[in-house]
1. I'd like to verify a number: residues in segment 1-24 that are closer than 16 Å to residue 76 by Cβ and either under 18 Å from the mean Cα position of the chain (by Cα) or modelled with pLDDT of 85 or more (or both), how many?
2. Can you tell me which residue is nearest to the chain's Cα centre (by Cα) among those in segment 49-66 that are in a helix (DSSP H, G or I) and exposed (fewer than 14 other Cβ atoms within 10 Å of the Cβ)?
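The values are calculated or read from the model by the stated rules, or taken from the named source; none is laboratory data. Worth saying up front: this structure is predicted, and the values here are computed from it rather than measured. Counting neighbours? That spans all protein chains shown, and the Cβs are built from the backbone with ideal geometry, glycine included.
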């Protein structure tokens with residue numbers, strides 16, 4: 001496996017249109033993690049699907065891809081992971097709202 005230099009962090013858009021009306025949730029985990037990783041010398045990009053479409057050509061150039069998701073966006077994360085695995089296999093990880101980190105190998109698909 002090649003050394004990790006480029007990291008892409010993705011926050012998918014929740015698939016329930018009224019999700020934000022029912023809950024107030026900040027999405028600060030990935031920008032915070034991205035900032036810490038940049039300070040450690042990594043090249044990091046954070047993509048938030050709620051703000052703009054995911055630029056897959058840039059994601060697929062990363063050495064490591066991470067996801068943050070809430071329950072209503074888990075299926076979307078699985079679809080994104082499959083899209084990445086269809087093109088190339090490289091490390092993936094998932095950060096949940098409790099800021100726990102799981103290697104994607106735990107989630108067989």
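1. Step one: list which residues in segment 1-24 are closer than 16 Å to residue 76 by Cβ, which gives 8-17, 19-20.
In the following step, the residues that additionally are either under 18 Å from the mean Cα position of the chain (by Cα) or modelled with pLDDT of 85 or more (or both) were identified as 8-15.
Qualifying residue count, segment 1-24: 8.
2. Only one residue tops the list, namely 58.
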